[in-house]
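Here is the structure we will look at.
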Amino acid sequence: MNDVVLEAVNLSKRYGDDLVLDGVTLQVQRGQTVCVMGPSGAGKTSFLRCLNHLEKPTSGAVFIDGELLGYEHRGDHLVELPKREIARQRREVGMVFQSFNLFTHMSVLQNVMEAPVGVLGLDRKQARSRAEELLETVGMAHKAHAMPEQLSGGQQQRVAIARALAMRPKVMLFDEPTSALDPELVSEVLETMRRLSDLGMTMIVVTHEIGFAREVAARAVFMDAGRIVEDGTVEDVFRGAANARVRDFLGKVL
Amino acid sequence: MRPSDPSALAEDDPVPSPTSEPARHGRMVELAGLPIRQRGGHRREIIAVAVLAVLALAVWSVVSNEALQWDIVGRYMLDIRILNGVWVTIGLTAASMAVGLVLAVIVALMRLSGNWALRQAALLFVWFFRSTPVLVLLIITFNLSLFYPTLTIGIPGGPTLISGETHTLISPFMAAVLAFALNEAAYSAEILRSSITAVSTGQWEAGTALGMTRARIYRRVVLPQALRIAIPPLGNDTINMLKGTSLVAFIAVFDLMYTAQSIYQLTYEVVPLLVVVTLWYIVLVTVLSAVQSLLERRLRGRSRKLGNAARVVAGGKPA
Ligand SMILES: Nc1ncnc2c1ncn2[C@@H]1O[C@H](COP(=O)(O)OP(=O)(O)O)[C@@H](O)[C@H]1O
Ligand SMILES: [Mg+2]
């Protein structure tokens, strides 16, 4: 089977003189869960943000289900698409942030319904029953009418996952979804993500949770200094650890 | 070791305390059972009484002051001319604030736009109207006909919609609204801009990642949160403007202040009329403050209440 959902080709990103991404290429199969690891500053966040055009790559391209993200082809060059078009493309890619970023003035249910109603144009009733289903899936149905500030970090993150899922994305990106959580709240979020993976969602997860990677991800890539330096099964990346940097990093995390 | 250090003294104590362990514990239980009283006895009550006494004295000295001529104050409080003036003051403030806020939103969004020219234009607007005295602005708008004798509103190169002599088109009231609105827009634009930037970038990113457009994120996510932050300073500005509109005396618009002036210039009842004016401003500011705190509470609790309403509609159990 060679059903590629997301493909990054030779992505580079430069901030001033800093080359933060240095020719990153990655293909992700439908239904696959890929863990991205690497030391702080390796470019993991920048990479993920290029995958939904929150950040414009300096060069290279991203394809979602074969469609070029953010640009259109004109003769011998690419032109950035109109903002509205890019917004449409972003529906296909869900993103979960380290700091949750729930809309603070909306209830849990409103958070999950906002984009389906406003962006997809679903009628409220449909959007509502779908939102309730999703909140059920992430175990937050009982808090549907709570405000974000009344929830624990783990609960907020599960709502954020439901909110992203409500757009029916083809791929879900997670940027260190448990790094801001108290240790005892980490497992409930990981459990939710494991369930998603089991349901066949395609996921790219930046995480330092080795246990989660081992059990859930079929594949891991290791980034360092803006490059992917290891790519294989999680065991490969761990066991091989041919790369001194990988060994060093794992020594710190394990 | 400093001799003033109490722990040092205790350590150096040559005779160890003879109390036995059970006795010590008994004493602790006894202490734990004692009630707790406010420290400093009745200090709080004494201060309260003193403050109230001073306040009562102040009020009495005002109320009992013959010079204020309360009988005349009472006669003018509901005088039809004064009431008209009150309405003009309210109308001026409401219209100027409304026009000012609409302009302010536009200027604030321009200042935050990605377009350099728009940003500079907004900056220029704020700079100019914050540095021009309102009184000068007022006199300019009132005398607009000196600068632009005729006004024409229409489509450039197309049909003319309205055209006429400036002084017939713009009444003194409109001139005042224009001046106050421009001034207010410059200040409110800054309030709105800082409130908008105070909303975390995470909110923008979350909206963007969900495929929302910039306009939608502004409308649904950022402005509602920014407004919550902006209400207290905007309320302050409104109260300021309410009293500031008394400058229209210079262009002979009969607001509360100018009405009172024109009466006491004939009757010489200066002091009682100034008291009437003050009392009316107090009433109006009190109402405005109440509206402000109502708005603040509404905006803070709105989403929660909506949440409750949604629960009721869903037939769920209230928490
Ligand atoms: N907006 C930015 N401007 C300048 N430098 C940035 C910006 N964002 C990230 N960087 C730099 O890019 C490098 C990679 O950052 P990041 O992608 O956040 O790494 P990671 O997520 O792996 O820790 C870091 O050195 C960081 O300082
Ligand atoms: Mg990061």
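Considered as a group, the residues in the range A:50-61 that are within 14 Å of another protein chain (Cβ to nearest Cβ) and crowded, with 21+ Cβ neighbours inside 10 Å include one that is nearest to ligand 1 (Cβ to nearest atom), and that residue is A:C50. Restricting A:T45, A:T25 to residues that are surrounded by fewer than 20 Cβ atoms within 10 Å (Cβ to Cβ), modelled with pLDDT of 95 or more and away from ligand 2 (no atom under 16 Å from the Cβ) narrows the list to A:T25.
Here A:G31 qualifies as outside any strand (DSSP E or B) and away from ligand 1 (no atom under 14 Å from the Cβ). Kindly indicate whether A:V20 is away from chain B (no Cβ under 14 Å), outside any loop (DSSP other than H, G, I, E, B) and either within 17 Å of the chain's Cα centre (by Cα) or away from ligand 1 (no atom under 16 Å from the Cβ) (or both). No: the conditions fail for A:V20. For the range A:156-178, the tally of residues that are within 16 Å of ligand 1 (Cβ to nearest atom) and crowded, with 22+ Cβ neighbours inside 10 Å stands at 4. Looking across A:V62, A:V112, one residue alone is more than 16 Å from ligand 2 (Cβ to nearest atom) and in contact with a His (Cβ under 9 Å, 6 or more places away or on another chain). It is A:V62. Scanning the range B:112-126 for residues that are at pLDDT 95 or above and either under 22 Å from the mean Cα position of the chain (by Cα) or under 11 Å from B:A189 (Cα atoms) (or both) gives B:A122, B:L123, B:F125, B:V126. Do we have A:E85 as surrounded by fewer than 18 Cβ atoms within 10 Å (Cβ to Cβ), more than 30 Å from A:Q155 (Cα to Cα) and touching a strand residue (DSSP E or B) at 6+ places or on another chain (Cβ under 6 Å) here? The answer is no for A:E85. With respect to the conditions (1) closer than 30 Å to A:H142 by Cα; (2) aromatic (F, W, Y); (3) within 16 Å of ligand 2 (Cβ to nearest atom), A:F103 lacks only one, and its number is (3). Give me the residue from the range A:75-100 that is of a type in the set (G, A, S) and either in a loop (DSSP other than H, G, I, E, B) or closer than 28 Å to B:R300 by Cα (or both) and, out of that set, nearest to the other protein chains (Cβ to nearest Cβ). So the residue we want is A:S99. Tallying residues that are out of contact with any Cys (no Cβ under 7 Å at 6 or more places or on another chain) and not in a helix (DSSP H, G or I) within the range A:204-228 yields 14.
Restricting the first member to the range A:8-34 and to residues that are within 17 Å of A:E55 (Cβ to Cβ), and the second to residues that are within 16 Å of ligand 2 (Cβ to nearest atom) and among the acidic types (D, E), the beta-carbon pairs closer than 8 Å and six or more apart or on different chains are A:K13/A:E55. Hey, which of the helices (runs of 4 or more DSSP H) in the range B:125-230, taking only ones fully inside, have at least 2 residues that are within 30 Å of A:N101 (Cα to Cα) and more than 14 Å from chain A (Cβ to nearest Cβ)? It comes to B:172-198. When every residue of the range A:101-112 is checked against the conditions, none turns out to be of a type outside the set (S, T, N, Q), at the interface with another protein chain (Cβ under 9 Å from one of its Cβ atoms) and surrounded by fewer than 20 Cβ atoms within 10 Å (Cβ to Cβ). Looking for something of a type in the set (A, V, I, L, M), touching a helix residue (DSSP H, G or I) at 6+ places or on another chain (Cβ under 6 Å), closer than 25 Å to A:V20 by Cβ and modelled with pLDDT of 95 or more - is there at least one such residue anywhere in the range A:211-228? No, there is no match, as no residue in the range A:211-228 is of a type in the set (A, V, I, L, M), touching a helix residue (DSSP H, G or I) at 6+ places or on another chain (Cβ under 6 Å), closer than 25 Å to A:V20 by Cβ and modelled with pLDDT of 95 or more.
Taken as a whole, the range B:193-208 holds at least one residue that is more than 26 Å from B:S293 (Cβ to Cβ) and surrounded by fewer than 17 Cβ atoms within 10 Å (Cβ to Cβ).
Of the residues making up the range A:28-42, those that are within 11 Å of ligand 2 (Cβ to nearest atom) and either farther than 16 Å from A:E209 by Cβ or of a type in the set (V, I, T) (or both) number 3. The condition (being surrounded by 13 or more Cβ atoms within 10 Å (Cβ to Cβ) and touching a residue at least 12 places away in the same chain (Cβ under 8 Å)) is satisfied by just one residue among B:T150, B:T141: B:T141. For the range A:154-183, residues that are more than 12 Å from chain B (Cβ to nearest Cβ), in a loop (DSSP other than H, G, I, E, B) and farther than 21 Å from A:V5 by Cβ total 5. Only residues that are surrounded by fewer than 22 Cβ atoms within 10 Å (Cβ to Cβ) and either in contact (Cβ under 8 Å) with a residue 60 or more places away in the chain or touching a Gly at 6+ places or on another chain (Cβ under 9 Å) (or both) were counted across the range B:259-271, and they come to 3. Residues considered: A:G70, A:G66. Of these, the only one that is within 14 Å of chain B (Cβ to nearest Cβ), within 21 Å of the chain's Cα centre (by Cα) and either modelled with pLDDT under 95 or surrounded by fewer than 22 Cβ atoms within 10 Å (Cβ to Cβ) (or both) is A:G70.
The values are calculated or read from the model by the stated rules, or taken from the named source; none is laboratory data. Note that the structure is predicted; figures quoted are calculated from it, not measured. All Cβ positions, glycine included, derive from the backbone under ideal geometry; neighbour counts span all protein chains shown.
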